[in-house]
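Peer 1: There's a structure below that I have some questions on.
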Amino acid sequence: MKVGDRIKVIAAITVYHHPAHRGKPFNIQGMEGQIVEIIRDWHGRPISPNYPIKVDFGDRFFAHLAEHEIEKISAD
């Protein structure tokens, strides 16, 4: 996967920061978004984050996910 790819969440993931459900549990399984960043370094130093893929779902909602939680549906 790479930046710009469209993805779909395939795992049951509960978030508490969705703008329409702030502070309440919200399952994002089935939502589609676009990869905007894959984090591999911090200020030039290599790192290995648990959730390196930053996904934009629109409406000011972003989430950091792991590769096994998403599937690619198309590339831009």
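Quick note: the coordinates plus some simple rules give every number you see, no bench work behind them. Computed from a predicted structure; not experimentally measured. Note: ideal-geometry Cβ built from the backbone for every residue, glycine included; neighbour counts use all protein chains shown.
Peer 1: Just to check I understand the Karplus step: with θ = phi - 60° and J = 6.51 cos²θ - 1.76 cosθ + 1.60, what whole-Hz values come out for the stretch 27-44, glycine and proline as x?
Peer 2: 8, 9, 4, x, 6, 10, x, 10, 5, 10, 6, 10, 8, 10, 9, 10, 6, x
Peer 1: Can you list the residues, at least 5 places off or on another chain, whose amide H is less than 5 Å from the amide H of Asp5, using H built in the peptide plane?
Peer 2: Here Ile35, Asp76 satisfy the definition.
Peer 1: Where does the chain land on Rg/Rh, using Cα atoms and the Kirkwood Rh?
Peer 2: Reported Rg/Rh (Cα atoms, Kirkwood Rh): 0.98.
Peer 1: Which of the peptides 25-31, 3-9 is most tightly packed, and how do the rest follow, judged by the mean count of other Cβ atoms within 10 Å per residue?
Peer 2: Numbers: 25-31: 14.1, 3-9: 15.9.
Sorting 25-31, 3-9 by mean packing, highest first, produces 3-9, 25-31.
Peer 1: Oh, and also: For the stretch 2-42, report the % of Cα-Cα distances exceeding 16 Å.
Peer 2: 50
Peer 1: Rounded to the nearest 0.05, what FRET efficiency is calculated for Lys72 and Trp42 with R0 set to 30 Å and r the Cβ-Cβ distance? Kindly include the intermediate steps, with their values, before the conclusion.
Peer 2: Values: r = 26 Å, r/R0 = 0.85.
Computed FRET efficiency for Lys72 and Trp42: 0.75.
Peer 1: Mind ordering 59-65, 44-50 by average Cβ neighbours within 10 Å, highest first? Could you put the intermediate results ahead of the total?
Peer 2: On the way: 59-65: 14.3, 44-50: 7.7.
Most protected by this proxy first, the peptides run 59-65, 44-50.
Peer 1: Say each of Ala20 and Lys8 gets a label point 7 Å from the Cα, pointing the same way as Cα to Cβ; how far apart are those two points in nm?
Peer 2: Rounded to a tenth, the inter-label distance reads 1.9 nm.
Peer 1: Using each residue's phi in the stretch 48-55, evaluate 6.51 cos²θ - 1.76 cosθ + 1.60 at θ = phi - 60° and report the 3J(HN,Hα) Karplus result to the nearest Hz, with x for Gly and Pro.
Peer 2: Karplus values, whole Hz, x for Gly and Pro: 10, x, 5, 10, x, 9, 8, 10.
Peer 1: Residue by residue, what Karplus-based ³J(HN,Hα) values in Hz, rounded to whole numbers, does the stretch 58-71 have, using 6.51, -1.76 and 1.60 with θ = phi - 60° and x for Gly and Pro?
Peer 2: With the stated coefficients, the stretch 58-71 comes to x, 6, 6, 10, 10, 8, 9, 10, 9, 4, 6, 9, 10, 9 Hz.
Peer 1: Straight-line reach from Lys2: which lysines fall under 18 Å, measuring Cα to Cα and dropping same-chain residues less than 8 apart?
Peer 2: The qualifying lysines are Lys54, Lys72.
Peer 1: Run the numbers on the stretch 6-74 and let me know its relative contact order in percent, using alpha-carbon pairs under 8 Å that are six or more apart.
Peer 2: Reported as a whole number, the value is 35 percent.
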